[in-house]
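Below is one structure, written out as structure tokens; the observations come after it.
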Amino acid sequence: MSTATFNSICLTRGFLWKDEPKNSKLIKGNERAKLCIRGSATLSTKSLQIEDGKLQKPEKQARIGLLGASGYTGAEIVRLLANHPYFDITLMTADRKAGQSMGSVFPHLITQDLPIMVSIKDADFSNVDAVFCCLPHGTTQEIIKGLPKSLKIVDLSADFRLRDISEYQEWYGQPHIAPELQKEAVYGLTEISREVIKNARLVANPGCYPTSIQLPLVPLIKANLIEYRNIIIDAKSGVSGAGRGAKEANLYSEIAEGIYSYGVTRHRHAPEIEQGLSDAAHSKVTVSFTPHLMPMIRGMQSTIYAEMAPGVTIEDLYEQLKISYKDEEFVKLLEKGVVPRTHNVRGSNYCLMNVFPDRIPGRAIIISVIDNLVKGASGQALQNLNIMLGFPENTGLLSQPLFP
């Protein structure tokens, strides 16, 4: 499919020039009115067409299965795909909600034309090209083992993130039952692993904390600008990161007006973070990582304290991040001195970051923020599947952050 970048898109029925009087007559025959849509989306010439007032999707589409549709990440994928011209959801599973519509489970999605959710055992994959797997940790391996080999898969659970299956057993408390699939899986931190993602069949979508931490640290480690020792990570997440299941600790009265640390010294994202940083360093990297739950729905901030290599300055760190992400659409280094805020990424696929000098000489403070449900989960998953299927990487992901 050929693609081209447009700064404007011509819509063919009843639209007016921006400055044309509202009482202008409707344009007839072969004449066209034009509506200018600004943006950086790379679209095919068939990607947006208006006929009889309805948005028509292009002829060439990928048929998408969504496994575990009734959770937050599943709902977020549906929301994002509403703006995706190439992906069409043809299968949705949710064992506890089987037989129900997505609109009845998530009323904010009631306008979407979606298939009724079915149990995973009743799922028919004959009309599916690719799958988003949003099932709980520990259940995904067996499900994916049984899927047709022709399917492209992005798994949002932790089941294929750790290459060492013994490490998986240590941190998740159960043996890995699909070691052959684990060998095939590609870790999908998009901006770092884009080239291997292109040819992957199974992508392990990164966790939210590891995404917010690795994006700023990997380029600095690769450039030998920071020491591998004494990396301290203080990370904070909105409550949606804990999933939609009913849990006493996540009740409003337990969460509101306070914060608390959890998974202290034993959070399951620690080995995933260390795996990525060790790959960048070609040496074992161990970090001190403590996550905190915040009384907010969405958002994640990682504040990272690192020791700079001898002779390295804050300016060197800033310039390296600037070079590393200058051509990236979704990772943005802020102007010097500007502190990233979770408010400024809410509902979007962006990661904002910056670096500051610590009061302790030779140390740096690095801050990055993401929406834990988008860049930390469903948005990055969509970014990865776009790459796997050969579609423009930013398709369906250009929604700007919600503010206030």
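The values are calculated or read from the model by the stated rules, or taken from the named source; none is laboratory data. Quick caveat: nothing in here was measured; it's all calculated off a predicted structure. Quick reminder, even Gly has a Cβ in these numbers, built from the backbone with ideal geometry, and neighbours come from all protein chains shown.
At a glance:
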item	result
Answer residue from region 69-85, given it is among the small types (Gly, Ala, Ser) and surrounded by fewer than 24 Cβ atoms within 10 Å (Cβ to Cβ) and is farthest from Pro401 (Cα to Cα) among those	Ser70
Number of the exception - Lys183 against (1) surrounded by 22 or more Cβ atoms within 10 Å (Cβ to Cβ); (2) in the same structural domain as Cys134 (by TED's automatic domain parsing)	(1)
First in region 150-175 and among the hydroxyl-bearing types (Ser, Thr, Tyr), second anywhere and assigned to a helix (DSSP H, G or I), Cβ under 7 Å, 6 or more apart	Ser157/Thr140
Unique residue being in contact (Cβ under 8 Å) with a residue 12 or more places away in the chain, assigned to a helix (DSSP H, G or I), farther than 25 Å from Arg63 by Cα and touching a Ser or Thr at 6+ places or on another chain (Cβ under 9 Å) when the list is Pro219, Pro210	Pro219
Any hit, region 237-245, residues being over 19 Å from the mean Cα position of the chain (by Cα), within 30 Å of Ala130 (Cα to Cα) and at pLDDT below 95	yes
All positions within region 251-269 that are in a helix (DSSP H, G or I) and either outside the structural domain of Pro295 (by TED's automatic domain parsing) or without any contact (Cβ under 8 Å) to a residue 40 or more places away in the chain (or both)	Tyr252, Ser253, Glu254
Output for region 222-238, where each listed residue is in a loop (DSSP other than H, G, I, E, B) and hydrophobic (A, V, I, L, M, F, W, C)	Ala223, Leu225
Entirely in region 323-404, the strands (runs of 3 or more DSSP E) that have 1 or more residues that are closer than 21 Å to Met294 by Cα	351-357, 363-370
Residue selected from region 185-237 under the condition touching a Pro at 6+ places or on another chain (Cβ under 8 Å) and aromatic (Phe, Trp, Tyr), by the criterion nearest to Tyr318 (Cα to Cα)	Tyr209
Filter pass, Lys236 being buried (at least 16 other Cβ atoms within 10 Å of the Cβ) and of a type in the set (Lys, Arg)	yes
Number of the exception - Ser150 against (1) loosely packed, with under 15 Cβ neighbours inside 10 Å; (2) modelled with pLDDT under 95	(2)
Answer from Pro136, Pro148 - the residue that is of a type outside the set (A, V, I, L, M, F, W, C) and either farther than 17 Å from Ala377 by Cα or outside the structural domain of Ile197 (by TED's automatic domain parsing) (or both)	Pro148
Given (1) surrounded by fewer than 22 Cβ atoms within 10 Å (Cβ to Cβ); (2) of a type outside the set (Lys, Arg); (3) at negative phi, index of the condition Leu385 fails	(1)
Unique residue being farther than 16 Å from Ile213 by Cα, surrounded by 18 or more Cβ atoms within 10 Å (Cβ to Cβ) and not hydroxyl-bearing (Ser, Thr, Tyr) when the list is Leu293, Leu317	Leu293
Any hit, region 327-335, residues being surrounded by 23 or more Cβ atoms within 10 Å (Cβ to Cβ), touching a Gly at 6+ places or on another chain (Cβ under 7 Å) and without any contact (Cβ under 8 Å) to a residue 60 or more places away in the chain	no
